[in-house]
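Below is one structure, written out as structure tokens, with a few remarks after it.
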Amino acid sequence: MTGHKTYELGDVRLQSGAVLKDAQLAYATYGTLNAAADNVVLLPTFYTGTHVRNEALFGPGRAIDPARHFVVSVNLFGNGYSSSPSNSSAPQDGPRFPHVTLFDNIVCQHRLLTEHLGVRRIALVLGWSMAGMQAYQWAAQYPDMVAAILPYCGAARCSPINHAFLDGPKAALQADAAWNEGNYSSPPEKGLRAFGRIYAAWAYSHAFFRDRLYWELGFATLEDFVRDWEEDHLKWDANDLLAKIWAWQHGDVSDNPIYRGDFARALQSIEARAIVMPCSSDMYFVPSDNAAEVAQMRRAELRVFESSWGHCVASPGRVFDFQRALDEAAAELLRG
């Protein structure tokens with residue numbers, strides 16, 4: 001189930017005014033589009049996610065089932081599958097890759113769905129973290145096209161503390177001499193390891209570390225656990241990681257020509273039914289921010305999941321109880 005296709009967008013004018021040349025969206029589909037072209041479940045990708053990781057969110061007999069739904073999993077710009085610093089040609093390679101916003105991503109995803117796949121209406125957009133931010137973005141950007149959204153451990157905009165947290169691993173990566181302003185001849189390994197080590201603490205919670213819940217993941221010591229985060233981040237291109245951080249830090253459903261910074265109006269314009277699922281111990285997508293968002297949305301419910309696993313409670317397939325709650329919420333929204 002891991003194959004993907006590429007949609008050629010051509011040259012794309014971005015929010016910044018820059019042009020992303022020969023833009024490409026990598027995506028995968030599962031199931032069949034129905035005659036009404038409205039049985040679509042859209043799965044954007046999260047920060048270090050790909051269409052492959054999204055495959056844990058659906059399957060036979062589950063709330064999202066390719067036997068009933070046309071599942072479209074689309075890769076975020078910058079993740080190494082869609083157009084990214086690591087796969088773009090000069091003069092937009094590496095650190096010269098233009099800034100791409102979440103608004104830009106959704107404009108291009110809309111083109112993929114409508115121009116190429118023939119989709120008329122989306123039954124559900126759901127996702128974790130940056131994918132949850134894209135779910136909000138879809139509902140605000142194309143309110144007439146989206147029936148329901150299920151953002152979990154995400155938000156409609158990047159909060160100040162979230163922005164500050166992201167500056168930490170970014171600065172650690174760029175402090176590596178091998179970084180060379182993004183013009184590295186070999187991966188800046190020390191910087192990537194520091195990036196992963198900083199990220200690991202924020203991704204969970206105080207209680208997670210106090211109670212040694214990393215034992216449940218098979219790690220005997222805290223050092224083993226953190227070193228695994230280091231090793232995982234060595235798999236990523238450094239410029240790709242920073243391109244996506246920029247998009248994350250500038251994520252805001254109102255920062256576009258439609259809403260011109262009016263955050264309340266952007267949320268009030270969402271017509272989709274929504275279940276918003278934060279984790280009680282998430283340290284940068286905090287439930288109180290989601291509660292304030294839901295209060296501005298017309299047809300939204302806040303459903304806080306109580307857990308010590310923090311942001312990573314939502315890592316696909318990791319915590320069974322969360323996956324069950326997520327399936328239940330998706331089933332409710334798909335029933336209408």
- Item | Search result, residues across the stretch 289-310 that are within 27 Å of Ala200 (Cα to Cα), of a type outside the set (Asp, Glu) and assigned to a loop (DSSP other than H, G, I, E, B) | Arg303, Val304, Ser307, Ser308, Trp309
- If a residue has to be assigned to a helix (DSSP H, G or I), closer than 24 Å to Leu217 by Cβ and not acidic (Asp, Glu) to count, how many in the stretch 311-336 make the cut? 10
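Going residue by residue through the stretch 199-213, is there one that turns out to be over 23 Å from Cys279 (Cβ atoms) and without any contact (Cβ under 8 Å) to a residue 24 or more places away in the chain?
Looking only at the stretch 199-213, we keep the residues that are over 23 Å from Cys279 (Cβ atoms), and these are none.
No, the stretch 199-213 has no match at all.
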- Item | Selection within the stretch 203-217 - open to solvent by less than 30 Å² (accessible area, probe 1.4 Å) and among the aromatic types (Phe, Trp, Tyr) | Tyr204, Phe208, Tyr214
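So is Ala243 at pLDDT 95 or above, within 20 Å of the chain's Cα centre (by Cα) and open to solvent by less than 10 Å² (accessible area, probe 1.4 Å) or not? Walk me through how you get there before you give the answer.
Details: at pLDDT 95 or above: yes; within 20 Å of the chain's Cα centre (by Cα): yes; open to solvent by less than 10 Å² (accessible area, probe 1.4 Å): no.
Considered against the rule, which asks whether it is at pLDDT 95 or above, within 20 Å of the chain's Cα centre (by Cα) and open to solvent by less than 10 Å² (accessible area, probe 1.4 Å), Ala243 comes out as no.
Results for (1) touching a Pro at 6+ places or on another chain (Cβ under 7 Å); (2) open to solvent by 10 Å² or more (accessible area, probe 1.4 Å); (3) touching a residue at least 24 places away in the same chain (Cβ under 8 Å), shown as yes or no for each residue.
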{"residue": "Ala123", "(1), (2), (3)": "no, yes, yes"}
{"residue": "Gly127", "(1), (2), (3)": "yes, no, yes"}
{"residue": "Tyr136", "(1), (2), (3)": "yes, no, yes"}
{"residue": "Tyr142", "(1), (2), (3)": "no, yes, yes"}
{"residue": "Leu150", "(1), (2), (3)": "no, no, yes"}
{"residue": "Ala155", "(1), (2), (3)": "no, no, yes"}
{"residue": "Ile161", "(1), (2), (3)": "no, yes, yes"}
{"residue": "Ala164", "(1), (2), (3)": "no, yes, no"}
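Enumerate the strands (runs of 3 or more DSSP E) found wholly within the stretch 1-86, keeping only those where 2 or more residues are at pLDDT 95 or above, surrounded by fewer than 18 Cβ atoms within 10 Å (Cβ to Cβ) and touching a strand residue (DSSP E or B) at 6+ places or on another chain (Cβ under 7 Å). First the steps, then the outcome.
Values: elements: 5-13, 19-30, 40-44, 70-74.
Filter on the stretch 1-86 gives 5-13, 19-30.
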- Task: Output the qualifying pairs, or none if there are none: Cβ atoms under 8 angstrom, residues six or more apart or on different chains, first residue in the stretch 221-242 and under 16 Å from Phe46 (Cα atoms), second residue among the β-branched types (Val, Ile, Thr) and open to solvent by less than 20 Å² (accessible area, probe 1.4 Å).
- Result: none
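Test Ser254 against the criterion of being under 28 Å from Ala331 (Cα atoms) and either in contact with a strand residue (DSSP E or B) (Cβ under 6 Å, 6 or more places away or on another chain) or at pLDDT 95 or above (or both), and give yes or no. Can you show your working first?
Details: under 28 Å from Ala331 (Cα atoms): no; either in contact with a strand residue (DSSP E or B) (Cβ under 6 Å, 6 or more places away or on another chain) or at pLDDT 95 or above (or both): yes.
No: the conditions fail for Ser254.
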- Task: Return a yes/no flag: does the stretch 219-238 have any residue that is touching a Ser or Thr at 6+ places or on another chain (Cβ under 7 Å) and surrounded by 16 or more Cβ atoms within 10 Å (Cβ to Cβ).
- Result: yes
- Here are some residues: Val286, Val313, Val319. Which one is of a type in the set (Val, Ile, Thr), under 23 Å from Ala207 (Cβ atoms), modelled with pLDDT of 95 or more and open to solvent by 30 Å² or more (accessible area, probe 1.4 Å)? Val286
- Message: Please verify whether Ile270 is assigned to a loop (DSSP other than H, G, I, E, B), open to solvent by less than 10 Å² (accessible area, probe 1.4 Å) and touching a residue at least 24 places away in the same chain (Cβ under 8 Å), treating the condition exactly as stated.
- Response: yes
- Item | Output for the stretch 180-193, where each listed residue is closer than 15 Å to Asp240 by Cβ and open to solvent by 20 Å² or more (accessible area, probe 1.4 Å) | Asn183, Tyr184, Pro187
- Of those in the stretch 185-231 that are closer than 22 Å to Met130 by Cα and outside any helix (DSSP H, G or I), the residue nearest to the chain's Cα centre (by Cα) is Ala203
- Message: For a quick check of your reading of the model, give me the residue pairs whose first member lies in the stretch 277-299 and is closer than 21 Å to Leu333 by Cβ and in contact (Cβ under 8 Å) with a residue 60 or more places away in the chain, whose second is part of a loop (DSSP other than H, G, I, E, B) and among the β-branched types (Val, Ile, Thr), with beta-carbon atoms closer than 6 Å and at least 6 apart or on different chains.
- Response: Pro278/Val304
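The values are calculated or read from the model by the stated rules, or taken from the named source; none is laboratory data. Note that the coordinates shown come from a computational prediction; the quantities given were computed from them, not determined experimentally. Backbone-built Cβ (ideal geometry, glycine too); neighbour counts: all protein chains shown. Side chains are part of the model used for accessible areas, which takes the heavy atoms of the whole protein and leaves out ligands, DNA and RNA. Shrake-Rupley method; radii C 1.70, N 1.55, O 1.52, S 1.80 Å.
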